[in-house]
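Comments concern the structure below.
The values are calculated or read from the model by the stated rules, or taken from the named source; none is laboratory data. Computed from a prediction, not measured in an experiment: that's the story for all the values here. So basically every Cβ, Gly included, is an ideal-geometry build from the backbone, and we count neighbours across all protein chains shown. For accessibility, only protein heavy atoms count, side chains too; no ligands or nucleic acids. Shrake-Rupley method; radii C 1.70, N 1.55, O 1.52, S 1.80 Å.
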Amino acid sequence: MKRRPLRACGATAALSVALLLSSCTSEVTAGTAGTAAVDGRDTLDDPLFPALGNGGYDVRHYALGLDYDVPHGTLDATARLTSRARQRLASFSLDLHGLKVTRVQVDGERADFSRRGDKLRVRPADPLAKGHTFRTTIAYEGRPSDFTDPDGSTEGWVRTTDGAFVVGEPAGSQTWFPGNHHPSDKATYDITVTVPEGYTAVANGELRSRKSAAGARTTFHWHSGQPMASYLATATIGKFRVRTGRTEQGLPLYVAVDPKEARKSAEPLGHLADIVTWESKVFGRYPFSSVGAIVDHPPKSVDYALETQTKPIYSGAPDELTVVHETAHQWFGDSVTPKTWQDIWLNEGFATYAEWLWAERHGGKSPQQQFDVHHRRPADDPLWAFPPGRPGKAENVMDTPAYERGAMVLQQLRNAVGDRTFFRILKEWPAEYRHGTAGTKDFIAFSERQAHKDLSGLFDTWLYGKGKPSRTY
């Protein structure tokens, strides 16, 4: 994500409760053949967002059926999750903010369920065996809402004058579908959205079908065949101008733009295909099966872009560097997703460095010159507020050190290992963890293997060191 200047930090009461809730259940149920079935934990112990995510299973696929009443802002929906049990489960939990659950089934049989805060606890009729692939169907309805995350930004299902602007980093995806909403649990998706005739629903991946039905309604079916973290999912709705085509590499291109933003968006989005081609040369093969963008006109409370997978979403017309940044995230953040939110610099530092490389290519400052400008900032500058490898607090997750100092870490790495090794790292890191998850320790170990040298001093200083580092490489 590339945020514009942030407002004062704050969080709604609802989100505060959700972020602080990190309890886990320990009830044990008698199982068959002497094996005990346990209640899956309702936390993955994320160091910044302990309430997000649930234990005991992995989701493999989401099939979401959404019927949205644009004038009234109400949703009638069904989520079908295909998951694999990692242990023998008597029950398991899902993340869901607001919305009323009316029915739950597991493997076709009705299941009991309960709510506590943003947790939906599901108890199947019979325990689930370890290794069993099971299907959970949740019918739910209501008025999906946005909320304010800890850094003061609005996210979730954000209503617009002509639909909804749907963004989910870090926790907003739970405002519109139940799931295991932690970046470590990635899945494939089918998202089907029914809207009034004349509206367009845009989601991740490729448009499989668009069908008009009686009652002046249109259904859009989008398919994402590569794994995706839930915070990268979108189902944005509006009256868009849509442009389709193909990139130089033959990738399908789908760009949806709010007419109010069309004129200002034309030039930067006109470079999208070229940006993908250039980034593919620098970072390796593009990791997904399509390319695109969404430019909407949301309320003023939303003033940032998000790297929603295959189609970054922009709150208003982006500039060219923002397109470069969000497109770079398709490698760094989308294909290679952080294991925990503490690893966010692996997303933002790389995407910011992509901006530096693009600027140099077009006659601007070199990355080293960018580094030097940043390093001249005084010791009390927000750039040095916390080390990028240890954000410390949830409200820091999208702040300056993750971006600019994260990019500075990469420039220091480049100086330490040399251009040949550094640019090999830029290509082979996303190839090594393609469509998977990785953490900071993984990146350090990977870099040391590529460089054949100990880099602990560099990372201890620039990634984990407090304050403004005096030593440079």
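Laid out as a table, the results:
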| quantity | calculated |
| --- | --- |
| Residue that is open to solvent by less than 70 Å² (accessible area, probe 1.4 Å), β-branched (Val, Ile, Thr), at pLDDT below 95 and more than 22 Å from residue 182 (Cβ to Cβ), where the choices are 12, 29 | 29 |
| All positions within the stretch 272-307 that are assigned to a helix (DSSP H, G or I) and either of a type outside the set (Phe, Trp, Tyr) or open to solvent by 10 Å² or more (accessible area, probe 1.4 Å) (or both) | 272, 273, 274, 275, 276, 277, 278, 279, 280, 281, 282 |
| Set 277, 247: member being over 21 Å from residue 191 (Cα atoms), at pLDDT below 95 and of a type in the set (S, T, N, Q) | 247 |
| Unique residue being modelled with pLDDT of 50 or more, open to solvent by 50 Å² or more (accessible area, probe 1.4 Å) and either in a loop (DSSP other than H, G, I, E, B) or touching a strand residue (DSSP E or B) at 6+ places or on another chain (Cβ under 8 Å) (or both) when the list is 7, 60 | 60 |
| The lone exception for residue 103 - which of (1) farther than 14 Å from residue 122 by Cα; (2) open to solvent by 60 Å² or more (accessible area, probe 1.4 Å); (3) part of a strand (DSSP E or B) it fails | (1) |
| Selected residue [among the charged types (D, E, K, R), within 16 Å of residue 351 (Cα to Cα) and open to solvent by less than 30 Å² (accessible area, probe 1.4 Å)] from 414, 405 | 405 |
| From 372, 334, 380, residue being of a type in the set (D, E, K, R), out of contact with any helix residue (DSSP H, G or I) (no Cβ under 7 Å at 6 or more places or on another chain) and in a loop (DSSP other than H, G, I, E, B) | 380 |
| Answer residue from the stretch 451-473, given it is open to solvent by 30 Å² or more (accessible area, probe 1.4 Å) and either under 28 Å from the mean Cα position of the chain (by Cα) or of a type in the set (Asp, Glu) (or both) and is farthest from residue 384 (Cα to Cα) among those | 454 |
| Hey, residue 267 assigned to a helix (DSSP H, G or I), touching a Gly at 6+ places or on another chain (Cβ under 9 Å) and modelled with pLDDT of 95 or more or not | no |
| Residues (open to solvent by less than 70 Å² (accessible area, probe 1.4 Å) and of a type outside the set (A, V, I, L, M)) located in the stretch 424-433 | 429, 430, 433 |
| Qualifying residue in the stretch 58-67 (condition: more than 24 Å from the chain's Cα centre (by Cα) and under 29 Å from residue 215 (Cα atoms)) | no |
| Unique match (being buried (at least 21 other Cβ atoms within 10 Å of the Cβ), farther than 26 Å from residue 362 by Cα and touching a residue at least 24 places away in the same chain (Cβ under 8 Å)) among 310, 327, 337 | 337 |
| Residue check, residue 390 open to solvent by 60 Å² or more (accessible area, probe 1.4 Å), over 25 Å from the mean Cα position of the chain (by Cα) and not acidic (Asp, Glu) | no |
| Test set (1) of a type in the set (A, V, I, L, M, F, W, C); (2) touching a strand residue (DSSP E or B) at 6+ places or on another chain (Cβ under 7 Å); (3) open to solvent by less than 10 Å² (accessible area, probe 1.4 Å) - residue 262 fails condition number | (3) |
| Helices (runs of 4 or more DSSP H) enclosed by the stretch 405-473 - at least 1 residues per element that are among the acidic types (Asp, Glu) | 419-432, 440-451, 456-462 |
| Failed item, numbered, when residue 23 is tested on (1) closer than 22 Å to residue 112 by Cα; (2) in a loop (DSSP other than H, G, I, E, B); (3) modelled with pLDDT of 95 or more | (3) |
